[in-house]
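Quick notes on the structure that follows.
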Amino acid sequence: MNVGFFSVALKPKWIGGLLLALAAAAVFAALGQWQLERAFIAQPAPTPSISTDGTEIPKPLDSLLAPGDQLLATAADQLAIANLKLDPRSTAIVENRVQLVGDHAETGFWLIGQSSAKNGAALTVALGWAPSLEKAEAARNFMIQSADMAGGYLPVVGRLEPSEEPQAADSAKPYLYKSLSIAQLINAQAASKVTKTYDAFLVVSMGLPTGGLDRIVIGKTRDAGQINLLNAFYAAEWSLFAGFAFFMWWRMVRDEVIRWRAEALEAER
């Protein structure tokens, strides 16, 4: 008696087993997709490109990034909206900032500060651009002197950008930074007292004061992504698990076929 593979596989027990294998494979595939999305982490671009046409619709901040999470490449450069409360006393300056002016770029300084969202998390905000350090320092002093007039939570729109690598700050001017590193700011400023922090910064386009400076105009950085090899490995691992679920079902059915054939041969003897 020749027992065929499909004559066994089509029995209710093994059809149920196949459905279980499909369900397990679907779960493994979903986990693999989740890890794959997190394998691409946004990185700052060395130079900006031409800015977008302003037709984007801002998305809620927490739909793009959760406090403590890494900014994914898919969320970098997105316009975000959030209710933020600015602390003018926390303002600082970052040098070597490229500003898009018409069809060319100029290098200057950013005025940055710390804000808090309604969920209690701290978010670094880039407020304005100055062509000289003197103007940036004047704007910072104005913001600090106006701290007592700071309002409550305001709806703020801006572009979400990844944290940069830390560089040594100016010892003579501790408020002057060479890069915009969230970790460095947390260690140096009042944000260190906050238990939750967004690991990215918001380039504000509306909603918060600039201290009299120009609004910052930047371009896209999404093309400058970096692969997180650990997440990529996990994604491949979950894909193997999905395939293994089907292999196990096939192997068990094949073993059943072999057993049936052996029993049929024994019965013929």
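No value in this document is a laboratory result; all are computed from the given coordinates. If you're wondering where the values come from, they're calculated on a predicted model, not measured in any experiment. Glycine gets a Cβ as well: all are built from the backbone with ideal geometry, and neighbour counts include every protein chain shown.
Things worth noting here:
- When the pairs Lys135/Lys178; Lys118/Lys178; Lys59/Lys173 are compared against a 27 Å limit on Cα-Cα distance, Lys118/Lys178; Lys59/Lys173 fall above it.
- If you take all other residues with their beta carbon under 13 Å from the beta carbon of Gly212, and give Lys and Arg +1 and Asp and Glu -1, the sum is 0.
- Burial order of peptide ranges 118-130, 59-71 (average beta-carbon count within 10 Å, highest first): 118-130, 59-71
- From most to least packed by mean Cβ count within 10 Å, the peptides 78-86, 160-168 give 78-86, 160-168.
- Distant-in-sequence amide contacts of Asp199, defined by a placed amide H-H separation under 5 Å and a gap of 5 or more residues or a different chain, comprise Gly68, Asp69.
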